[in-house]
Amino acid sequence: MKIAFVGKGGSGKTTLSSLFIRHLTANEAPVIAVDADINQHLGAALGLDEAESAALPALGSHLPLIKNYLRGSNPRITSSEAMIKTTPPGEGSRLLRVREENPVYEACARTVRLDDGEIRLMATGPFTESDLGVACYHSKVGAVELCLNHLVDGPHEYVVVDMTAGSDSFASGMFTRFDMTFLVAEPTRKGVSVYRQYKEYARDYGVSLKVVGNKVQGRDDLDFLQAEVGDDLLVAVGHSDWVRAMEKGRPARFELLEADNRCALQTLQDAAEDSYELRDWERYTQQMVHFHLRNAESWGNAKTGVDLAAQVDPAFVLSESLAEPQPS
């Protein structure tokens, strides 16, 4: 399952996504975690120190390798240079799977040891000095979108993405790449404003969206969220001494997280697993193609000098039937 955590800056989405990742690992689920936020704090939330976080390879820096691997023998893609962030897979493309070894993971992922097991962690990479003033962060997350377009995941496998803050993810089609999107909202007017914006933008794309209330201190906070977001409110999370210690760099073992918060995380996992039953690979592939054609017409054709619409394989549908590893 592909899961996104979104919300306004400071809402606690990175903290909650890291807790969810720890919870999944404690439940023995295989997890790939992706830090797609410009602030790049997921590694630290998962226990990496400053040097370890800084040493994470940047997905955006390995884009040529990623493109060359995913292109495979797809005859519709004339060269890896002709691939853009929305290029969809087709016959002959190489696909990524959660539980495998491949050159993309070898170059771009690092194993992180948690209390109850290991995960793979990937990061888009922060802005560099050469980016400042001349580059858009959406060019960084293009590598994430390309990988998600080529990733086949099955039941009880998780790809958890900590997205960029606010509604910036709507600058690409990446918001349609998830089985479930958890929007983290504080019980404030600003906290729910991103929810309204996200809900409106996602309305026509069948996005499964649930709100996770955070920093909820009492009945009044809960009533406010219920009034503002209605049935989309899935669960609320309150104060956590465990989280406070984690943010100081001195976390206890995860098994000591407060019982109420462990129950809240299980509610998230249950909702994610329920969403899997609604997975529609054909719609997923169609949306991929839709955004590819829009990007091709808007800028991609001019940038690459080729007709990117020709990359679309009309007979190809991404599905779990393709989950068996292919020859390299």
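The values are calculated or read from the model by the stated rules, or taken from the named source; none is laboratory data. None of these values were measured; they are calculated from a predicted model. Note that each Cβ is placed from the backbone with ideal geometry, even for glycine, and that neighbours are counted across all protein chains shown. In case anyone asks, the SASA skips ligands and DNA or RNA and just uses the protein heavy atoms, side chains included. Shrake-Rupley method; radii C 1.70, N 1.55, O 1.52, S 1.80 Å.
One table, with the values for the structure above:
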| quantity | calculated |
| --- | --- |
| Lys/Arg +1, Asp/Glu -1 at C-beta; the chain dipole; positive extreme among A58, N295, A45 | N295 |
| Region 36-51-region 205-233 distance, computed between alpha-carbon centres (Å) | 26 |
| Residues whose placed amide H lies under 5 Å from that of M180, excluding near-sequence neighbours | K2, A4 |
| Per-residue SASA entry for F175, accessible area with 1.4 Å probe, Å² rounded to 10 | 10 |
| Exposure rank, largest accessible area first [D179, D260, D49; 1.4 Å] | D260, D49, D179 |
| Protein accessible area in the chain, 1.4 Å probe - carbon and sulfur % | 48 |
| Crossing angle, helix 219-229 versus the chain [Cα axis fit, 0-90 degrees, rounded to tens] | 30 |
| Antiparallel DSSP beta bridges within the chain, as percent of all bridges there, nearest 5 | 15 |
| Those GluC sites (Glu not before Pro) in region 49-119 that DSSP places in a loop and that have at most 16 other beta carbons within 10 Å | E91, E100, E101 |
| Whole-Hz couplings from phi, Karplus 6.51/-1.76/1.60, listed for region 154-162; x for Gly and Pro | x, x, 6, 10, 10, 10, 10, 10, 8 |
| Exposure rank, largest accessible area first [W242, W299, W281; 1.4 Å] | W299, W281, W242 |
| For the chain, accessible area per residue (1.4 Å probe, heavy atoms of protein chains only), Å² | 45 |
| Rounded to whole Hz, the Karplus (6.51, -1.76, 1.60) HN-Hα couplings of region 63-73, x for glycine and proline | 4, x, 4, 4, 4, 5, 5, 5, 4, x, 10 |
| Amide hydrogen neighbours beyond the local backbone of G213, cut-off 5 Å, H modeled | A185, L234, V235, A236, V237 |
| ³J(HN,Hα) computed for each position of region 4-20 - Karplus, 6.51 cos²θ - 1.76 cosθ + 1.60, integer Hz, glycine/proline x | 10, 10, 10, x, 6, x, x, 6, x, 5, 5, 4, 5, 5, 5, 5, 5 |
| 11 Å beta-carbon shell around L256, net charge (K/R +1, D/E -1) | -2 |
| Eligible lysines near K199 by straight Cα distance, threshold 27 Å, same-chain separation 8 or greater | K2, K8, K13, K85, K140, K190, K210, K215 |
| Student exercise, the chain dipole from Lys, Arg, Asp, Glu Cβ charges, in Debye to nearest 20 | 680 |
| Mean ellipticity per residue at 222 nm, deg cm²/dmol - from DSSP H runs of n ≥ 4 across the chain, formula -39500 (n - 2.57) | -10500 deg cm²/dmol |
| Other-chain or far-sequence residues with amide H under 5 Å of L151's (modelled H) | L96 |
| Shape category assigned to the chain from the gyration tensor of Cα positions, a/c cut at 1.5 | prolate |
| Under 20 Å from K67, Cα to Cα: aspartates and glutamates that are on another chain or at least 8 residues apart | D35, E81, E91, E100, E101, E106, E145, D153, D307, D313 |
| Exposure rank, largest accessible area first [V229, V207; 1.4 Å] | V207, V229 |
